[in-house]
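The values are calculated or read from the model by the stated rules, or taken from the named source; none is laboratory data. Keep in mind that what you see is a predicted model, and the values were worked out from it rather than measured. In this analysis, Cβ positions are derived from the backbone assuming ideal geometry, glycine residues included, and neighbour counts consider all displayed protein chains.
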Amino acid sequence: MIIIPAIDLRYKKVVRLTQGDFAREKSYSDNPVDVAKKWQDEGAEFIHVVDLDGALAGEPKNLDVVEKIISAIKVPVQLGGGLRTRNDVAGVLAKGVTRAIIGTKACTDAGFTKALVDEFKEKIAVSIDAAGMGVVAAGWGIEVPKVANQLAEEMKNMGVKTIIFTNTIQDGMLKGIDAKWVEDMLDAAAGTNVIIAGGVSAIEDIKKLKEMKRPNLYGAIAGKALYEGTMDLKEAIKVAGEKT
């Protein structure tokens, strides 16, 4: 399992939201490139970037910042937020993004997702943002008439190789993961690489994930915990990589 630091972009700054609420936003840095370098220097193998402005607008809004991040670091970057057309996806991949993350369109347009997977293969990841077993989209502003495990099964059958599950109820709360929810999601997406987000708040959460001993648990995204100092990235990477 790898630990993936998150860089959420809003007006070209690094911010964190609480439970996806834009009214509960906290800014951490005016220099996303420096933040990306810091996480790389501390051992990150991958960086997770979210264009929050893009998620709201339905199209990428911070690509200039993303390009600067990619140019400044050597580790791969996955990007989500506002990628809702084939050209948007092709464009960010051409700029050096390793994985393009589809969220809203994956929930609402199966044909679009299948076409992307057929064309770009493992470079497409799907983000399933869950409120309990329900699913939300469009910057978490709308509910989707599907349940998370059902959507995961659909994505797996389309050939999606990487699925990112975010527990929106736990996200930004610094209260720890919901282990039962994580295991349910891992079951639903058996056969894919699963990345867990939302509630990864302390080293204890990394240990809990490790103790599950699930072969499809590929990684965990850490955001607010790193910025608030409740979890040290170097230590988290060390614990995640230890044999059990």
Test: A197 is modelled with pLDDT of 95 or more and either closer than 19 Å to T18 by Cα or more than 14 Å from the chain's Cα centre (by Cα) (or both):
no
Please enumerate the residues belonging to the range 91-124 that are within 19 Å of the chain's Cα centre (by Cα), more than 12 Å from G159 (Cβ to Cβ) and of a type in the set (A, V, I, L, M).
V92, L93, V97, A100, I101, I102, A106
Can you say whether L151 is modelled with pLDDT of 95 or more and among the hydrophobic types (A, V, I, L, M, F, W, C), as far as the supplied structure shows?
no
Residues in the range 155-178 that are of a type outside the set (G, A, S), modelled with pLDDT under 90 and not in a strand (DSSP E or B) total 8
Heads up, the helices (runs of 4 or more DSSP H) in the range 179-242 (entirely inside) with at least 2 residues that are out of contact with any Asp or Glu (no Cβ under 8 Å at 6 or more places or on another chain) and under 22 Å from E153 (Cβ atoms) are 179-188
Scanning the range 93-116 residue by residue, those in a helix (DSSP H, G or I) and either surrounded by fewer than 21 Cβ atoms within 10 Å (Cβ to Cβ) or at pLDDT below 90 (or both) turn out to be L93, A94, T104, K105, A106, C107, T108, A110, G111, F112, K114, A115
Please determine whether any residue of the range 47-57 is at pLDDT below 95, buried (at least 22 other Cβ atoms within 10 Å of the Cβ) and not small (G, A, S).
yes
